[in-house]
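Student: One structure, pasted below without further comment.
The values are calculated or read from the model by the stated rules, or taken from the named source; none is laboratory data. The model shown is predicted, which means the values in this text are computed figures rather than measured ones. Counting neighbours? That spans all protein chains shown, and the Cβs are built from the backbone with ideal geometry, glycine included.
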Amino acid sequence: MKDNKINESGKRKIETIVAFIIILIITVIAINTIWNGNDKAENSQVYEKQLANAENEETTEVANTKDNLEANLENILSKINGVGNVKVLISYIESSEIIAMYNENTKNTSTQEEDSGGGTRVINEIDTQKDIIYKEEGGEKIPITQKVISPKIEGAIITAEGAGDATVKNNIIQAVEAVTGIATHKIQVFEMKIN
């Protein structure tokens, strides 16, 4: 009888140890899964922040391009005979658009099912996955930009010292139209007030 009690007590200890080990393994797996999930989420957030930074850099570059266009127009227009000092303001209808380069994987699955009535139906599934392509610069991953679509020019206002002369005014309008591609009725030229 004592032997039975000892055997039962030993079995209980072994069962308790096995149950404890199983619970420990499950806990370790759960913690590992949670940590890996957080790492992936953090990496995703880092990539999103890097893309946002790249977009901000591109937006700054586009803003510089806008300023450069105005400055270039002022520079070239001031060299036209009779124009004198010039100030240019260009308005835009849309903001710039930055298109990142993607690696796209598409998986098509087609399944044909027959029902009990003899009819068939085809189920097509398309699974598309897009991943942003990055390049490494200085140990950092930077998204590769496929293209930057410049904003659309809505109109231009130009003030020039010589704009009181109709020929000079017409020359300014033609020059701005040639550079920007906007219609002449959207280019307004005024005589600059001399201080």
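Student: Filtering the stretch 171-181 down to residues that are at pLDDT 90 or above and touching a helix residue (DSSP H, G or I) at 6+ places or on another chain (Cβ under 9 Å), which residue is surrounded by the fewest Cβ atoms within 10 Å (Cβ to Cβ)? Steps first, please.
Tutor: Initially, the stretch 171-181 is screened for residues at pLDDT 90 or above, giving 171-178.
From the residues that got through so far, the ones that are touching a helix residue (DSSP H, G or I) at 6+ places or on another chain (Cβ under 9 Å) too are 171-177.
Values: N171: 20, I172: 25, I173: 18, Q174: 13, A175: 17, V176: 25, E177: 15.
Result: Q174.
Student: Only one of T167, T159 is more than 29 Å from the chain's Cα centre (by Cα) and either more than 17 Å from V86 (Cβ to Cβ) or surrounded by fewer than 16 Cβ atoms within 10 Å (Cβ to Cβ) (or both). Can you tell me which?
Tutor: T167
Student: Continuing with this model, one more query. If I filter the stretch 135-150 for residues that are touching a strand residue (DSSP E or B) at 6+ places or on another chain (Cβ under 7 Å), part of a strand (DSSP E or B), at pLDDT 80 or above and of a type in the set (V, I, T), do I get at least one hit?
Tutor: no
Student: Right, here's the next one. Mind counting the residues in the stretch 65-105 that are within 26 Å of I142 (Cβ to Cβ) and either polar (S, T, N, Q) or part of a strand (DSSP E or B) (or both)?
Tutor: Pass one, the stretch 65-105, residues within 26 Å of I142 (Cβ to Cβ): 65-68, 94-105.
Pick out the ones that are also either polar (S, T, N, Q) or part of a strand (DSSP E or B) (or both) and you get 65, 68, 95-100, 102-105.
Counting residues in the stretch 65-105 that are within 26 Å of I142 (Cβ to Cβ) and either polar (S, T, N, Q) or part of a strand (DSSP E or B) (or both) gives 12.
Student: Just for the stretch 152-179: of the residues that are part of a helix (DSSP H, G or I) and touching a residue at least 60 places away in the same chain (Cβ under 8 Å), which one is nearest to L89 (Cα to Cα)?
Tutor: So the first thing to find is which residues in the stretch 152-179 are part of a helix (DSSP H, G or I), and the list is 166-179.
Applying the additional criterion that residues be touching a residue at least 60 places away in the same chain (Cβ under 8 Å) yields 167-168, 171-172, 175-176, 179.
On the way: T167: 21, V168: 18, N171: 17, I172: 13, A175: 15, V176: 11, V179: 14 Å.
Among those that are part of a helix (DSSP H, G or I) and touching a residue at least 60 places away in the same chain (Cβ under 8 Å), it is V176.
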